[in-house]
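Report on the following structure.
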């Protein structure tokens with residue numbers, strides 16, 4: 001292992017642990033009101049969050065010790081099983097196994113509620129790396145780019161009709177980064193992006209009045225009379241009320257019933273209210289350290305498979321942070337997206353730690 005890769009590995013581990021600690025503090029304070037109201041205890045959500053972190057860390061450590069052959073072997077099974085799980089949300093829709101949550105039937109409830117699309121993105125990254133590295137697909141040709149794109153477009157089409165617009169956008173963005181990391185031509189990527197924008201905008205216009213209303217609301221003036229803008233306005237109020245240094249840990253006012261999903265989709269806003277610009281900037285710096293070290297490890301990979309998978313795993317983490325941050329700051333319409341490694345949410349936490357473990361494994365295999 002080179003000195004640079006060894007340093008990147010230490011930075012990745014350190015930033016991940018620090019972000020997880022921040023998440024424990026953030027979920028503890030952001031969920032206290034809802035937890036007390038729904039369960040009679042203000043620590044119920046916090047305890048569940050810590051348990052999910054513990055499970056995720058175990059999986060992370062195990063994967064960090066696995067060989068490249070292991071990841072090659074599980075690539076196709078993970079992708080297929082995840083795709084079947086997404087299809088199951090349609091077959092079992094409106095039953096106890098696939099209940100609607102906030103109008104969307106995207107979860108599978110098998111005693112433990114999971115989000116199949118989160119696992120599918122990781123499966124897509126593994127399968128793309130496998131096909132590209134063994135020469136089954138020539139990524140320098142548009143035919144090869146289209147083949148990889150289809151692997152993402154199929155599950156994206158399904159998630160769009162759940163409906164889950166954020167999950168669809170998430171998957172497609174990860175796909176573009178994977179193609180870029182793999183060496184696709186910029187002209188091919190530009191054509192693909194144009195086609196996706198055209199198809200995506202057409203699908204929103206045709207398919208969902210609800211999604212279109214969200215987009216229209218985000219473009220209109222900030223007014224509480226605009227019902228579809230309520231969450232965006234509350235997030236902005238929450239994020240901005242912290243000032244430079246914040247109100248103090250546990251002192252958020254907006255979490256007390258004003259800001260919906262304060263411990264999941266809008267946890268960054270609560271962090272901003274309680275720790276201010278200083279605390280929010282610190283969180284962003286920690287994520288920058290995580291992304292930069294992860295990308296450096298991916299670039300130092302010994303094989304094409306590890307390089308593509310490392311870049312894809314980083315893309316999963318990066319995209320989640322980007323979407324969550326833009327929603328909380330009102331840049332894009334409101335859509336359900338937890339903040340990686342910080343928000344309350346079992347599937348997201350486990351998959352993100354799987355990505356960290358995968359990258360750590362790549363760093364271990366990157367010998368001098």
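Answer with yes or no whether residue 352 is at pLDDT 90 or above and in contact with a helix residue (DSSP H, G or I) (Cβ under 7 Å, 6 or more places away or on another chain). For residue 352, the condition - at pLDDT 90 or above and in contact with a helix residue (DSSP H, G or I) (Cβ under 7 Å, 6 or more places away or on another chain) - is met. Within the option set 281, 275, being surrounded by 22 or more Cβ atoms within 10 Å (Cβ to Cβ), out of contact with any helix residue (DSSP H, G or I) (no Cβ under 6 Å at 6 or more places or on another chain) and free of Cβ contacts under 8 Å to residues at least 60 places away in the same chain holds for one residue only, 275.
Residue count for region 64-80 satisfying the condition of being surrounded by 15 or more Cβ atoms within 10 Å (Cβ to Cβ) and closer than 18 Å to residue 128 by Cβ: 7.
Against the test of being closer than 30 Å to residue 285 by Cβ and crowded, with 20+ Cβ neighbours inside 10 Å, the options 16, 4 yield a single qualifying residue, 16.
When we screen 334, 351 for residues that are under 30 Å from residue 44 (Cα atoms) and either outside any helix (DSSP H, G or I) or over 15 Å from the mean Cα position of the chain (by Cα) (or both), the only hit is 334. Among the residues of region 17-56, count how many are without any contact (Cβ under 8 Å) to a residue 24 or more places away in the chain and more than 17 Å from residue 252 (Cβ to Cβ). Summing the residues that are without any contact (Cβ under 8 Å) to a residue 24 or more places away in the chain and more than 17 Å from residue 252 (Cβ to Cβ) in region 17-56 gives 10. Screening region 104-118 for residues that are touching a residue at least 12 places away in the same chain (Cβ under 8 Å) and assigned to a loop (DSSP other than H, G, I, E, B) and picking the one that is surrounded by the fewest Cβ atoms within 10 Å (Cβ to Cβ) gives 112. Evaluate the following for residue 128: is it within 25 Å of residue 361 (Cα to Cα), out of contact with any strand residue (DSSP E or B) (no Cβ under 9 Å at 6 or more places or on another chain) and at pLDDT 85 or above? Answer is yes for this residue.
The values are calculated or read from the model by the stated rules, or taken from the named source; none is laboratory data. Here the structure is a predicted model, which means the values were calculated and not measured. Cβ atoms come from the backbone with ideal geometry, glycine included; neighbour counts cover every protein chain shown.
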